[in-house]
Each structure stands twice: as structure tokens, then as C-alpha cells.
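The values are calculated or read from the model by the stated rules, or taken from the named source; none is laboratory data. Model, not experiment: these values are computed from the prediction. Here the Cβ is made from the backbone with ideal geometry for all residues, glycine too, and neighbour counts use every protein chain on show. Remember, those area values only see protein heavy atoms, side chains included, never the ligands or the DNA or RNA. Shrake-Rupley method; radii C 1.70, N 1.55, O 1.52, S 1.80 Å.
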Amino acid sequence: MRVLVTGSSGLIGSAAVAFFARMGCDVVGVDNNMRREFFGPKGDTSYTLRHLQAQYRSFLHLDLDIRDRAGVQRLFELGSFELIVHAAAQPSHDLAARRPFDDFDVNAGGTLNLLEACRQFAPEAVFTFLSTNKVYGDSPNHLPLVELPTRYDFADPRQRRGIDEQQPIDHCLHSVFGASKVAADLMVQEYGRYFGLKTGVFRGGCLTGPAHCGVELHGFLNYLVRTALVAGDYTVYGYGGKQVRDQIHAEDVIAALWAFAQAPRPGEAYNIGGGAENAASLIECVDRIEQLSGMRPKLQFGGKQRKGDHCVYYSDLSKLQAHYPSWRLTRSLDEILLEQIETLKPRSKTVLTPTAPVLAAEQQTKPPAKSKRVAWVYPAYSQARIDEEEGAVARLCADGYQVTACGIPCERWYAFPELEQRYRAGDPGLLQAYEQLGEQLRSCDVLLAAGGSMLHPEFLAQFAGVSVFCSADDPENSALLSRPIAPHFDVQLVINPSCLDSYRSWGCGHVENIFPGLRPDRIAKGVTTASILNEARELDIALCCERCFQLSDRAQRVETLVQSFPQAYVRGPGWPQGQEPQTSIYPRARIGWNLHNSTGPCNTRFLELPANGVLQLCDNPEQIGRWFEPGVEIVGFESLEHCIELTQYYLQHEDERRAIAAAGHQRVLRDYTEERWFARMLEAVARFEASRDASPLPPRMAAVRS
Ligand SMILES: NC(=O)c1ccc[n+]([C@@H]2O[C@H](COP(=O)([O-])OP(=O)(O)OC[C@H]3O[C@@H](n4cnc5c(N)ncnc54)[C@H](O)[C@@H]3O)[C@@H](O)[C@H]2O)c1
């Protein structure tokens, strides 16, 4: 797909470039760095441009002024665009009042230039436009408000979902900026309704993100964080700092545009912001920043209230969510703030948010091929497992994937010799399950099998789509479970990196290392970055694992550690104190040990500990850096003595412990969710398809079938 992004070096434009380039689109960005001209050197976006150019080879930048009508026409004539994200703008009220011609020429005239060129040269394209809540002028100020201790709010509880799209735009004061955006907003709607173009208007609340170059006149939250981190002066313009705004991360904005692009509704307008959930007053934001960073700005309350400025504004997101149910906010206000604090503060050892170590940036947020119809096959040996898998599939479907859960009824996993014997003997239960599955597979492109899902190679051979084997086995136990079956699949996704060579040696055709995702119910309610950073925990150390002696000496190693730390809370099958759900232990624990039988580190603990805000001390230190940044999001140990030393250190350095635990938590939420895991599997399928299409010989099973 060819995507045009205007304002591509700005906050929203740069997020759009990254999103669509990662998705594999050709992206043309248009930006003339007019932000620098508007706001001076602090508004300069050339750094962002250089970063995008270095990062994305499919990104082409054009230094074009959207006021240049002939230039814009030429761009569309040559561009063959299928999607336009129009985010170039003069974005400030105050500046508009000083430079009304520039403001109107860019915001209204530039938008019309783009619309008309689109109509002439790309009438089938989807055209999304970043409008603003200022189109409602100061009409929200006319609603009854109440003054609360730290904020104003709507007096009528029915208004507490926020401002919806029925809010009038007449009979109110807009500011010069608001008026130029109204002109553009209406024109974009009109090109949808009158000319039938696939246009969509998105009226932003406070849009923000790490790429924001906040300045005093534009980019409230980012500028507030910048000022806080140097304890600088911040002038509050009116309302005593109790004015309320809703914050949304730029990536959530782009996700909404993408949802619209896939099912456009011509001429629709949507409010988009952080909604009631992410709404806070200025002084509440200052308090949050102080809680999260230890720093605050010096508030100067003398500023004159800006004309037309909202007292309370937060977006009612109901319409957007009703039209695009898979879209939702993915970042809380605290998470947005933490990301900005990390981006803006001078780097130190205990940074709060990680820089990505191993997963390439492209892999982290690349939107997957949601058009694939996927059958997820798993062994249905208990109702709990069925519920778990059905729940996961329902969530993935809500995210826009096309997945069907296909459980194979059984009492337990069968190792291959037993499967083979049952298949040959015509086990009625197994054959009936295969028959049902065969029906389901007829309408699927991809068969994704969980390890141990008991598919016999002869049954599998009948499937025409791409078959994928995904397994978390350890080298100690994969011979019977995976070896006889895995090579019969097209793609083998192996969670434990120590098993990669084995899979290759078995003749598997397309082996990749994949990292799992964590199901949301594995994270205890109430665990947030803020709670991890601020709340005390009662258990010093926790370890949840099986006490097994056959596979390794792990039980003895744990006992050695417990001698040094008798307060350690060790639970699991085989331990004298019995079992307890992890979600009731981890949220109370400060440090979590992660010990493996031999190789690791990809067990469930590896994700559950940080997800629940526990500082993870993990063995296999040479491997952990593939997924977490050592010393920042996780801590690795070489030996039991080293583990003891580190445990003592972090028990005595609570701030450092909390910072690492919080960073680990954020990392899991960002990169290791169930949705990201599923997306990664589909990306592997796409890589397999690309390599198969480029190769004359089908890689599938060559070694096994010859
Ligand atoms: N950031 C917010 O809080 C917010 C809130 C509501 C609406 N919006 C809207 O979202 C859109 C994007 O906002 P943003 O925060 O990314 O702004 P931004 O200032 O970060 O980015 C806008 C970009 O447009 C470029 N630009 C300006 N004039 C141009 C011209 N004549 N030709 C080419 N490029 C030009 C600028 O150089 C800048 O890089 C704007 O339409 C804005 O009104 C933003």
C-alpha cells in the first residue's frame, strides 16, 4: 500500500510513518519543517526526520509546503496513494492570532489543496484528517461545571463520558486557530458527503507521545514534563491549574486511523482523545509527574486565561468505539507520562522505561496480516484449558484477527508413539476430532498448532494452507513430543532458543525463535506502573515452581537459596507449603527468583514476574538480553552466590528495585502481550510465504518426505 503522510516530522505524522513503514507500506512523507518557523529552534523537527530516514527504508521524505497547490497536485499525480494521513498543520491558538494568514493558509488552504488533488488523482484513496476539539469552540465551557479540590468537571453525571460529536460548533468563540480548523474539518466532511471520497475527520483532544517537541504554546503535557525534569517555571494560564484535558498516545491515534482506513465511512467525524479514563487537570498531571519522576515544575499562576480555552474537555469515545469495536486505548495516563519522562530525562542507570534490546523495532509494533483466517489447534484436555483458549481467541477476534479455536478432545497429551498407535488403530475419539477439524480447516489459510496438539502427520498432509508448529519444549523433553511431528509442519516456531539447533537437525524447513505473550488474566488486577513504583510489598522474595527432582537439581538449588533467605515464599506442586495462584503471590512480592531446570529463560515466570511488578532475578544471564534489557528491566545471575548477593543488594535498594520492576512491567505490556505474540506468529508465516515464493522448491518437509 502507498501511504501519504503530511506533517510527517511532527508528533502524529512521525508516528504514522513508523506505523505504516513497519507494516510494509511505501510511505511518502511531506513536511517543510514549518514548525521550526512557527516556534523557533525548540520546534525544530529535523531530528525526527533524520531518525525516520535512518530507520525506514520504505520512507521517502519530500520537503513540500502543502500551501503549494501546484506542488501538491504533482505529488498526487505521481503518487498513486491509497491512504492519506493529513497531519500537517499550524497547531497553536496563540500563534494563529498573531499570524492569521499563515494559520488559515496552512490549516484550511493546505487541506483544500490536498482534498482537491485527492479527488482528481486518487479518488479511491482513504483520506484521514487530524482535526481538533477546538472546532467546538468554547461551547463546552457553557455546560454546567463543578469545582472539585483538584479539578473542574462536568456537573451533570450524564456528561461524564465526555464531549460527543453532537456538541454544537455554532454560537461560540473558537479562536482564530479553531476557526481555520473548522473550515478544514467541514471541507473534509464535505468531500466525503458531496464528492463521495472516503474521508474521515478525527477531532483530537490532547495528542501526545515521546516524539513530541512540546513548546510553551503547543504540546501541553510534553512541555510540562520537560519543564518538570529541570524544575523550571511553568506558567498556568487561568482556571487555577484545574483545567482538565484528556491525553492519548500518538500510536493509539494512528491505530484509530488504520481502523477507519480498513472500513471507511465517508464524511464521518469522530472525537478522539484519552477520554474520561485519561483525563486529568494540570495540577493533577504535575502531581503524577512528581510521583513518577520525583521532579515537578515551579507553577506560576499569574498567566492570563487564554481566550476560548476549554475549562474541561475530554472526549466521549463511544462513537469511535461503536464504529470500530476493535479499537481501544492501550496507554494509561501514567504510562504516557512515564514514557515521556524516560525519553526526556538524562539517561541514568535506573531508567524507568527500556530502550528495546533485541526485538527489532519493526517487529514490536508491526501490524500483522489480519486478513489471514487462522485455525488455532490445541489439546482440549480440561475445561479450564478450553476456557483459556476460547477466551484468548475471543480477545484476538475483538482485535480484528480471524481466528477459530479448535480443541482436540483428549484426557491428556499423547506422546508420539501413543498418538501413532491410536491413529493406526482408528481410535474413534481421535478420528472424530480429526473429522471435525478437517471441516474447520477447509475455510482456513493457516493452521497454528500448540505444541502437543496431537496432529498426526498423515492428517496434517491433507491441509493445503500454511501449517505452523509452535512449541515451548525444553531440550530435555522434546524428543518424544516434538521431534516426530514438528518437521511435518511448514513453519516451526520455537520458544526456547536452546532447542533451535535440534529442530534444524531434524530437517524442519522454516525454524524461527519466537517469544510467547502473556495472557491478560496472568496480571493481577491493580498492578500498574504507578503502584509498582509507589506501593510497598509485603513479601521479600517469591518463587512459584514445581519441586521436581527428575529433570535437574533445581529443587536443591532452591533449598540452598532458602537457607540464606528463610523469608522466601516458595510455592508450587511438591513444596511443603503447597500451591497458591501466582496472581495472588506476585503482586505482593518484591523480588522473584527465576531458576530453570537447565536452559532458559522462556518459561511463564519470565513474563509473569515483571508483568506483576516483581523484580526478576533470573539465571541463564547470557540469554535474557534477547528479550529484556539486563540491569534495566531484569537482572541476571551467574551462580547461586551471585543470586544471593543480588538479592541482598536489591532488598536494601528499594528505589532501584522498583524502577527495574516498573520497567520490566512496561516492557511486558508493550512487547509481550497475547496480541503481540499472535502478530509475531503471523509475521513468521508471512516470512515463510515470502521465502517459499522466492524458492523453486517447496521447503515444506523436504528432508522428512524424501
Ligand atoms: N498535538 C495535539 O495535542 C493535537 C490536538 C488536537 C489536534 N491536533 C492536530 O493533529 C495534527 C498533528 O498535530 P501534531 O501535534 O502532530 O503537530 P506538529 O506540529 O507536531 O506536526 C505538524 C507538522 O506539520 C508540519 N507543517 C506545518 N506546516 C506545514 C506546511 N505548510 N507544509 C508541510 N508541512 C507543514 C510541521 O513542520 C510539523 O512537523 C494537527 O492537525 C493538529 O491540529 C493535535
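Charges were assigned to the Cβ only: +1 to each Lys and Arg, -1 to each Asp and Glu. The resulting dipole of the range 547-698 about its Cα centre is roughly 340 debye.
Between Val146 and Asp501, the simple label model (points 7 Å from Cα in the Cβ direction) yields a spacing of 6.8 nm. In terms of overall dimensions, the C-alpha atoms belonging to the range 147-300 reach 52, 34, 29 Å along their principal axes, ordered largest to smallest. Cα centroids of the range 490-567 and the range 375-405: 22 Å apart. For helix 175-193, what angle does its Cα long axis make with the longest principal axis of the chain, in degrees from 0 to 90 and rounded to 10? The answer is roughly 60 degrees. Pairs spanning more than 29 Å between alpha-carbon atoms, out of Lys181/Lys319; Lys134/Lys372; Lys134/Lys345; Lys42/Lys370; Lys42/Lys307: Lys134/Lys372; Lys134/Lys345; Lys42/Lys370. Within the accessible surface of the chain, defined with a 1.4 Å probe on protein heavy atoms only, the carbon and sulfur portion equals 52 percent.
Since only Leu292, Val236, Thr208 are under comparison, the one whose Cα sits farthest along the positive direction of the charge dipole of the range 2-348, derived from C-beta charges on Lys, Arg, Asp and Glu, is Leu292. Using just its DSSP H runs of length 4 or more, each adding -39500 (n - 2.57), the chain gives a mean residue ellipticity at 222 nm of -11500 deg cm²/dmol after division by all residues. Of the residues Ile660, Leu617, Trp627, the one whose Cα sits farthest toward the positive end of the charge dipole of the range 592-700, with +1 on the Cβ of Lys and Arg and -1 on the Cβ of Asp and Glu, is Trp627.
Volume per residue for the range 437-517 equals 89 cubic angstrom (convex hull of Cα atoms). Taking the Cα atoms of the chain, the ratio Rg/Rh between the radius of gyration and the Kirkwood radius comes to 1.00. The coefficient of translational diffusion for the range 2-348, derived via Stokes-Einstein from the alpha carbon Kirkwood radius under 10 °C and 1.306 mPa s, stands at 79 µm²/s. Highest mean first, the peptides 102-115, 5-18, 169-182 sorted by other C-beta atoms within 10 Å per residue fall in the order 5-18, 102-115, 169-182.
Across all directions, the shadow cast by the convex hull of the range 523-672 built on its C-alpha atoms averages 7.9 square nanometres. Rounded to the nearest 20 debye, the dipole size of the chain about its Cα centre is 900 debye, using +1 on the Cβ of Lys and Arg and -1 on the Cβ of Asp and Glu. Annotation for the range 1-79: chymotrypsin sites (Phe, Trp or Tyr not before Pro) lying in DSSP loop with at most 14 further Cβ atoms inside 10 Å of their Cβ do not exist. All Cα-Cα separations within the range 230-270 were binned at 5 Å from zero, giving a P(r) of 5, 15, 15, 14, 14, 10, 10, 10, 6, 2, each value a whole percent of the pairs. Annotation: extensible slack from Thr343 through Lys525 equals 62.8 nm (criterion: 0.36 nm per residue apart, minus Cα-Cα distance). If you plug the beta carbon distance of Met1 and Thr330 into 1/(1 + (r/R0)^6) with R0 = 30 Å, you get a FRET efficiency near 0.85.
Here is the list for the range 446-533: trypsin sites (Lys or Arg not before Pro) lying in DSSP coil, each with at most 13 other C-beta atoms within 10 angstrom of its C-beta, are Lys525. Taking the C-alpha atoms only, the angle from helix 640-652 to the longest principal axis of the chain is near 30 degrees. Rolling a 1.4 Å probe across the protein heavy atoms gives the chain an accessible surface of 40 Å² per residue. Under 12 Å from a label point set 7 Å out along the Cα-to-Cβ vector of Ser382, the amide N atoms of the range 568-595 belong to 573.
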